[in-house]
Every structure is written in C-alpha cells, then in structure tokens.
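A.B. asks: Sharing a structure with you now.
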Amino acid sequence: MKAQDEIQRRRTVAIISHPDAGKTTLTEKFLLYGGAVQEAGAVRARKNQRAATSDWMELEQQRGISITSTVLQFDFEGFRMNLLDTPGHQDFSEDTYRILTAVDSVIMVIDGAKGIEAQTLKLFEVCRKRGIPIFTFVNKLDRPTREPLDLLDELEKVLNIGAYPVNWPLGTGFEFKGVYDRLDKKVHLFERTTGGAYKAPESVANIEDQIVADTLPPHVYSQVVEEIEMLDIAGEDFNHAEVLSGKITPVFFGSAMNNFGVELLLDAIFQYAPVPGMYPALGEKVVKPEDSAFSGFVFKIQANMDPRHRDRIAFLRICSGKFEKNMQVHHPKSGKKVRLSSAHTVFGQERESVEEAWPGDVIGLISNDKFGIGDTLTSDSKIIYQGIPYFAPEHFIYLNNPNPSNYKRFRDGLEQLLQEGVVQGFDLNTHSQNNFVIGAVGPLQFDVVKHRMKSEYNADTESLPANWSVLRWVHPDVDPATLTRDILPVGAITATDRLGNTVILFSNAWSLGLFKDKHPQIALSDTPFRKEMMAQT
Ligand code: G4P
C-alpha cells in the first residue's frame, strides 16, 4: 500500500519558458508556497541566491547565467513535487531536451506581453513528441499584456493544440485584481504585497458578489463578466483526459512576481497533472511504477559540481520500485552490479543524502565516470530502458588540439565529454584533414567543453567555425554510398555519428527543405531512427 500512496502523491514536472518569461521567479514562488523557503526574496536577492544555489559552476558564475539545471523537491499539502529546472539562457543545450524525457508533465511559462517565443516552441515540440501534458502559465499580468483571448488564439494556432483557460484574469496591468476560476466558479481577488515576498493575501467570492464589482473598475467588471459568459457558451468543457493526452493545455493567468495565481496553479498541477507513469523498456516491455523491482535511467550527467572533488553526478529518474540507500543494482551497460551508497537530492551545490525514494523522484548518484546518459540501473536484470534519443545539434565547430605533445590529454578529455553527452561528435565524409566536428544544440556548450578540457584535463583547445546549422539522421535502410555530392545541396555533407549512423549536415533549413523536396524517398529525422541508435546501454 505504501508504494501506491507514495506514487500517487508525486508529480514530476519541468518548467519551460523563453528566457525572461519568469521561470525562475515562478520556481522560487513554488518553493515559497511549498514551504521550502520561508520568504522569497526580492528579485535581486533571488538572483544572488540563485548564484549561490544553482549557478554553481565557475563558468556560470563568470557569465552570471544558469547553464545547468537543478532538481528541486518540495511538499505541498501532502503532495510531493519534483521540479526539474531547465536552463534559462537562450543558449540552452541538449540537457534541456533530455530533462523532458524524465518528467511526466511540463509547465510552460509565457510572458503575457509577448506570447509564444521561439525557444518555447522548440521545447514544446519535444513535449508533443513525447505526448507530455502541458500546463500553461501566462505571466506578468500585473503589466499591460496582450488581450487574453488573443493569447489563447495564438497558443492554439502556433502550437496546434487546444487551449482551455482554467482561470480568467480580472483586468491586466495596474487594473489586474485577480482571477476567476472557471472550474469552481469562484473569484480570487489578490492583494499586492511589496516585492511579493510573502504569500499573497486573497479573498474568494462569487462573480456576482458586490465586493467583486466594487474591487474592479466598472469597465473591467463588465468586460470580464462578458468574456466569462462567452467562454462558457462558445468554449468546450474541461476535459481531463485530453489534458493527460496532451491534446489541450489548461491555461492559467497570474503574476509570479506578485504571487498572483501561483497557488491556484500549484493546486491544479497536483489535481490534474499525471502521477508517475509507465516507461517503455527494450523488448516491448513496459515498466509500471508500482512494479516491485527498482529501476530508473540516467538522464543527465553533471560534472564538476564540487570543484574540490571533481566528481560527476548522474541524475537518475526512478521509474519503478523503491530506492533504498546502499542497495545493490544491476548496471546493464557494464554488466556489473553496483552499490548505490551515495545517492543525494541535489539543490544547487547542496546535497542531502537520500535514504529512500520512489517512482517520479530524481536522485543524484556520485558516479565518477561509471554511468552514462541513458544508462539503466535496476534490481531486475531484465529491465533495460530504451535510452534517451540524441537531439539534432544546430551548431558545429572543429575542435583542434594546438599542442601535439598533449595529444593524449586532449583525446581523453574529449572522449569523456562526448561520452557524457556534453556535445556530439561527427566524422565528416571528406578527404580534408579537418574531418571531425563537434555539434551542440546550444553554442554555449562549446564554451563548456573548452572550459572543462582546460580545467579538468589541462588540455588546450582551438576551435574553428563550421558553417552548418542543421543535422538530420538518415534512415538506416538508405545506403550511404548513394548520398553522393550530386544529390546533396551545395554546402551539405554526409558524416557518421559515434555509433556509426549516417547523418547529413546542411548549411541551413532552406537547404534541408530543398533536399527533402527533391528526394522525398530519403527518410530523415531530427533524432536517431532506431532504438539502438540512442545513447543507452
Ligand atoms: P527566466 O527565469 O524565465 O529567465 O525569468 P526570471 O524569473 O529571471 O524573470 C525575468 C524578469 O521578469 C525579472 O526581471 C523578473 O523580476 C521579471 N518578472 C518575473 N515575473 C514577473 C511578474 O509577474 N511581473 C513582472 N512585472 N515582472 C516579472 P529582471 O528585470 O530581469 O530582473 P530584475 O532586474 O528585476 O532583477
């Protein structure tokens, strides 16, 4: 019974957003409401605090940005939230995509004045491929925003998904006074508190109540009443099954900075977001969270968390069974049994030892270089997870070793970073001497590589730009010998990934489009085709 209870009370969620939409602020407010921090500091203080908890890596500190992501865990009214933060800078990396493979739902934060932005769209595509439910939080309602109906329209058109406003804003900008909850038909009036440091006091009323008419300016009140009526008449009913299948996104309005609508969003996540689900394993096997065997997979490797130790942390998403400290598990990739003696929850640089954990939880295993991305750890040797797909890099460089005498260090360092999945490596099909490129989803990863090569392996690097921006894997049925220069667009080249699969690098999306038009029979994909082509055991 305990296992079921533990699973039912867990939600494992990632927050995605375009930089500056308010993801960090919302995360911080979740922690405030979850009681993990007593007082959410003013934004400045928060940014400083973030420097202490999340931006631990030297490079991050130098740049004042958050490259790597952190896993936060907090309790709220008997529930437990595992919140996976994703890198907020526009130079996001493949890690961001990988994190989406380890969560059961996603909160998408949108700036109410801006609507859907490019990065949100990219991340959304990955969610859609996995069929993960998405909850949308339209933020910054305390400032003038676009018309809420416009925003819903854009969500539906751009993302090609239904949008169901669970609540509706009562005014925007200075006139923003609260939201109307369409499911329980209650008005939540908020009060502004300076800096949003404490939970926002709110009063609950019916829309017809005098207090609502008195609080809102008359023109806002009449507009809101009209809009709510219109939504009820013209819109569909709330369909939870469609939320779970990712067909519709429930939409919430609020202001993270002012704590408006944060608690309502949290309530809804616990009520409507899925509990930890089943995970597919090799051999058509599906592992259920309530299965007694412990199992999980590594979705992220974090090196260098503690500069004094230079260790690596492998982040493991638990999929089934119960984790207990010191348990012995199979590591199918190495064929060895390993004792999990050093599992931690990780909050920025702080680590706390974990005694037990359940499906949906994420634990950090101090691993040196034992574990790789996609690795399975399990007490049942028959379970092997399908691994995590590689995602197509969009930036490429040639990375050379300027010191021939240091060749070994250079090679070993690069090999380790490739294995960790920091970047991907490709052998170009060319006779020229420069026949190897590294590729990344975000160019910042190249700085991470150079920095780590120097600091961890004492290896200097020299990089040269490589002018491709689109990569596609070629279906394994296509004979690479047929991909001759005559059929490739100008500037495109074939290459091989580290698992021996053929890819094509194109100069740009236009060039890819041209190729697809001319050769529709050649199947291409932005992730590898076969399971065996994934980063895995
Ligand atoms: P991110 O993680 O998505 O990149 O965004 P972050 O939370 O850092 O927020 C980006 C900016 O938006 C911050 O201001 C933050 O204060 C502001 N913000 C977040 N939520 C709200 C909101 O509900 N209303 C308003 N008006 N602003 C909000 P900044 O100018 O970048 O930082 P600072 O100069 O205030 O420190």
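A.B. asks: Within the range 68-84, which residues are in contact with a helix residue (DSSP H, G or I) (Cβ under 7 Å, 6 or more places away or on another chain), at pLDDT 75 or above and closer than 27 Å to Leu444 by Cα?
C.D. replies: Leu72, Leu83, Leu84
A.B. asks: How many residues, within the range 1-54, are in a loop (DSSP other than H, G, I, E, B), more than 11 Å from the ligand (Cβ to nearest atom) and at pLDDT 80 or above?
C.D. replies: Qualifying residue count, the range 1-54: 1.
A.B. asks: Give the range 197-248 a look and list any residue that's more than 36 Å from the chain's Cα centre (by Cα) and either on the phi > 0 side of the Ramachandran plot or of a type in the set (Phe, Trp, Tyr) (or both), or say none.
C.D. replies: Tyr221 - this is the single residue of the range 197-248 that is more than 36 Å from the chain's Cα centre (by Cα) and either on the phi > 0 side of the Ramachandran plot or of a type in the set (Phe, Trp, Tyr) (or both).
A.B. asks: Which residues, counting only those in the range 457-468, are surrounded by 17 or more Cβ atoms within 10 Å (Cβ to Cβ) and not aliphatic (A, V, I, L, M)?
C.D. replies: Tyr457, Thr461, Trp468
A.B. asks: Against the conditions (1) within 16 Å of the ligand (Cβ to nearest atom); (2) at pLDDT 90 or above; (3) open to solvent by 30 Å² or more (accessible area, probe 1.4 Å), where does Leu244 fall short? Just the number, please.
C.D. replies: (1)
A.B. asks: Right, another one. Which pairs do you get when a residue that is in contact (Cβ under 8 Å) with a residue 40 or more places away in the chain, found in the range 415-434, comes within reach of a residue that is among the acidic types (Asp, Glu), reach meaning Cβ atoms under 7 angstrom, with the pair 6+ apart or on two chains?
C.D. replies: Cβ pairs passing all conditions: Gln416/Asp369; Gly421/Glu94; Gln424/Asp497; Phe426/Asp497.
A.B. asks: Right, here's the next one. For the range 419-431, give me the residue count where each residue is open to solvent by 20 Å² or more (accessible area, probe 1.4 Å) and either assigned to a helix (DSSP H, G or I) or modelled with pLDDT of 90 or more (or both).
C.D. replies: Qualifying residue count, the range 419-431: 4.
A.B. asks: What is the number of the single condition among (1) part of a helix (DSSP H, G or I); (2) open to solvent by 50 Å² or more (accessible area, probe 1.4 Å); (3) farther than 30 Å from Cys127 by Cα that Glu227 does not meet?
C.D. replies: Status for Glu227: all satisfied but (2).
The rows are residues; the columns are (1) under 22 Å from His395 (Cβ atoms); (2) in contact with a Gly (Cβ under 8 Å, 6 or more places away or on another chain).
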residue: Val470; (1), (2): yes, no
residue: Pro476; (1), (2): no, no
residue: Asp497; (1), (2): yes, yes
residue: Val503; (1), (2): yes, no
residue: Trp510; (1), (2): yes, no
residue: Lys516; (1), (2): yes, no
residue: Pro528; (1), (2): yes, no
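A.B. asks: Another question, then. From the list Trp473, Trp468, pick out the single residue that is modelled with pLDDT of 95 or more, in a loop (DSSP other than H, G, I, E, B) and either under 25 Å from Arg98 (Cα atoms) or of a type in the set (Gly, Ala, Ser) (or both).
C.D. replies: Testing whether each residue is modelled with pLDDT of 95 or more, in a loop (DSSP other than H, G, I, E, B) and either under 25 Å from Arg98 (Cα atoms) or of a type in the set (Gly, Ala, Ser) (or both) leaves just Trp468.
A.B. asks: Now, a different point. Restricted to the range 247-265, and to residues that are touching a helix residue (DSSP H, G or I) at 6+ places or on another chain (Cβ under 6 Å) and assigned to a helix (DSSP H, G or I), which residue is most open to solvent (accessible area, probe 1.4 Å)?
C.D. replies: Here the residue is Glu263.
A.B. asks: Okay, next question. Give me the pairs: first residue in the range 438-456 and of a type in the set (Lys, Arg), second residue open to solvent by 10 Å² or more (accessible area, probe 1.4 Å), beta-carbon distance under 6 Å, and six or more apart or on different chains, which are they?
C.D. replies: Lys450/Thr461
The values are calculated or read from the model by the stated rules, or taken from the named source; none is laboratory data. A quick note: this is a predicted structure, and the numbers were derived from the prediction, not measured. In this analysis, Cβ positions are derived from the backbone assuming ideal geometry, glycine residues included, and neighbour counts consider all displayed protein chains. Accessible surface areas use protein heavy atoms only, side chains included; no ligands, DNA or RNA. Shrake-Rupley method; radii C 1.70, N 1.55, O 1.52, S 1.80 Å.
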